[in-house]
Amino acid sequence: MDLRDYVAALRKRWYIVAVLAIIGAGAAFAQAHASPPQYRAQSTVFVSIARGATTQELVQGSTFTQDIVQSYAKLATMPVVLDQVIYDLDLDTTPKALAEEITAENPLDTVIIEIDAVATTSTGASDLANSVADELTTTITNLSPSSNKKSAVEVTVVARADPPQEAFAPRTRLAALVGFAGGFGLGVAIAVVRALLDTRVRTAAELEQLTDMGLLGAIPRRRGQRRSRGAVTAIDPHNVAAEAYRRLQTNLQFLDASARVRSMVVTSSIGGEGKSTTSINLALAIAEQGQRVLLVDADMRRPAVADYCGLEGAAGLTTVLIGKAELDDVVQVWGDANLHVLTMGEIPPNPAQLIGSPRMADLLKEALDAYDVVILDSPPLLPVADGAILSRLTDGALVVANCRTIHRPQVLEAIDSLEAVDARCLGIVANQVRDTAAHTYYGQPEQSWFARLLSGLVRPREPRQQGYPAAGS
């Protein structure tokens with residue numbers, strides 16, 4: 001993924017980032033708001049030697065004091081001091097728990113001990129700091145070496161703690177900001193990880209980057225299930241989807257300058273990607289150019305062309321393959337006189353054997369002698385091998401990829417299945433792509449769901465088209 005992919009992932013899943021950021025900020029604010037206030041007070045103790053008659057004694061005493069004052073500071077958080085503090089202040093706690101509220105530090109190159117105490121009340125913090133300072137003074141005096149019953153070290157409380165005016169914690173604004181940043185970062189991470197793990201193909205550009213097979217066409221998404229199938233090229237010839245099928249037909253003309261593509265298989269990776277609809281509309285677009293086209297329903301497992309076109313499907317391809325009829329006897333003229341359709345007929349119990357039979361190859365040769373272009377609507381490539389077998393008997397296969405359902409590994413596996421049998425992949429047709437700027441020229445721009453609902457309630461009944469049936473259900 002490059003920078004644009006990361007930005008696209010964040011734009012697509014912005015709601016995840018926003019929700020987690022808001023939740024993080026709200027949770028942190030609520031926790032901070034519910035926490036009791038914390039007050040901090042500080043008292044200061046000065047440590048010095050008790051005597052020194054000469055300068056040398058003073059220097060030695062000062063050095064001794066600086067060396068030992070750090071040890072004295074550690075006494076402030078030990079039970080020897082805190083037990084008496086708990087007794088004096090009548091606290092309901094233990095020395096270990098109280099030590100977490102006390103901090104005693106010795107600034108560098110000084111003989112000062114700064115004692116910080118934290119409590120939930122202002123007076124409680126100052127009383128605790130002063131009590132620790134007093135008891136630390138007594139403890140140091142008792143533990144220090146003495147001469148003539150007098151301690152060699154003097155400890156003096158030089159600054160007593162005053163009750164603080166404001167609590168230092170909780171800082172609700174800072175907590176909310178930290179929670180917001182944490183939630184935002186988590187949302188960004190989730191959005192990026194989901195983008196990395198999401199293998200679904202969503203745009204025609206992703207298909208172009210996925211494989212070196214050319215993207216021959218991009219069919220836009222059409223609103224409404226009943227309008228998403230069938231002969232849109234004939235029913236609504238000025239629709240943007242109809243223009244997309246015509247561009248597909250034009251791209252096929254320039255696919256190979258040395259040898260024109262006369263026979264092709266239209267297939268897909270899995271079912272439901274729109275291969276039958278693409279076959280029908282591509283056949284119509286080619287027939288518009290004055291070429292004789294034969295559309296063959298070669299999906300012997302789930303035939304759909306007869307239903308989509310509103311034609312009789314009792315006799316067709318299987319009837320010819322088993323020798324009960326000739327090609328001219330079962331083809332049907334549909335719409336334009338240049339377009340003939342060979343439906344499936346009865347679904348056979350042995351589709352693979354019929355597809356790979358010599359009779360199928362002979363039938364295709366016969367069809368190419370009678371028509372300029374032959375288009376076969378075949379089963380998907382991944383569930384069965386029929387499409388790959390048929391692709392070897394034609395000039396190649398068009399692979400339809402639905403940008404709403406297909407995943408990248410499925411597209412690659414479908415192309416690999418064609419290469420495995422030395423079949424040619426003519427290119428990829430992206431189906432159900434999102435609306436582009438071309439839609440506002442050829443058709444109506446995409447509306448919101450509410451606008452579409454209102455327009456559907458007031459839309460007048462459309463007259464039934466003559467000559468071509470309505471789109472299949």
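The values are calculated or read from the model by the stated rules, or taken from the named source; none is laboratory data. Small disclaimer: the values here were computed from a predicted structure and weren't measured. Cβ coordinates were reconstructed from backbone atoms using ideal geometry, including for glycine residues, and neighbour counts include every protein chain displayed. Heads up: the accessible areas ignore ligands, DNA and RNA and are worked out on the full protein's heavy atoms, side chains in. Shrake-Rupley method; radii C 1.70, N 1.55, O 1.52, S 1.80 Å.
Structural remarks
- Computed over protein heavy atoms with a 1.4 Å probe, the accessible surface of the chain works out to 53 Å² per residue.
- To the nearest ten degrees, helix 275-288 and the longest principal axis of the Cα atoms of the chain are 50 degrees apart.
- Over the chain, the alpha carbon radius of gyration divided by the compact-protein estimate 2.2 N^0.38 Å works out to 1.85.
- From the alpha carbon centroid of segment 105-173 to that of segment 368-397 is 91 Å.
- The alpha-carbon positions of segment 65-173 define a convex hull whose volume is 116 Å³ per residue.
- Backbone N under 11 Å from the Gln289 label point (7 Å along Cα→Cβ), restricted to segment 255-277: 255-256, 260-262
- Between Asn350 and Leu196, the contour length at 0.36 nm per residue exceeds the alpha carbon distance by 51.2 nm.
- Legend: calculated FRET efficiency, Leu255 to Glu413, from the Cβ-Cβ distance at R0 = 22 Å, rounded to 0.05, equals 0.40.
- Simple spin-label estimate for Ala159 and Arg302 gives 8.2 nm between the two label positions (7 Å along the Cα-to-Cβ direction from each Cα).
- Mean Cβ count within 10 Å, highest first, over the residues of peptides 344-355, 402-413: 402-413, 344-355
- Separation of alpha-carbon centers, segment 197-221 and segment 298-360, rounded to whole Å: 31 Å
- Label-point separation, Lys324 to Thr203 (7 Å along Cα→Cβ), nm: 5.1 nm
- Between helix 358-370 and the chain: long-axis angle, C-alpha atoms, 0 to 90°, nearest 10: 70 degrees
- Low-density loop positions, trypsin sites (Lys or Arg not before Pro), segment 320-389 - DSSP coil, at most 15 other Cβ in 10 Å: Lys324
- Förster radius 25 Å - calculated FRET efficiency between Thr94 and Thr123 (Cβ-Cβ, nearest 0.05): 0.70
- Take 125-132, 105-112, 276-283, 211-218 and order them by the average number of nearby Cβ atoms within 10 Å per residue, most first; the result is 276-283, 125-132, 211-218, 105-112.
- Derived scalar couplings ³J(HN,Hα) [segment 192-203; Karplus, 6.51 cos²θ - 1.76 cosθ + 1.60; whole Hz; x for Gly, Pro]: 5, 5, 5, 5, 5, 8, 7, 9, 6, 7, 10, 9
- Carbon/sulfur fraction of accessible area - the chain, other protein chains in place, 1.4 Å, %: 53 percent
- Of the chymotrypsin sites (Phe, Trp or Tyr not before Pro) found in segment 136-215, those in coil by DSSP whose Cβ has at most 15 other Cβ atoms within 10 Å are Phe168.
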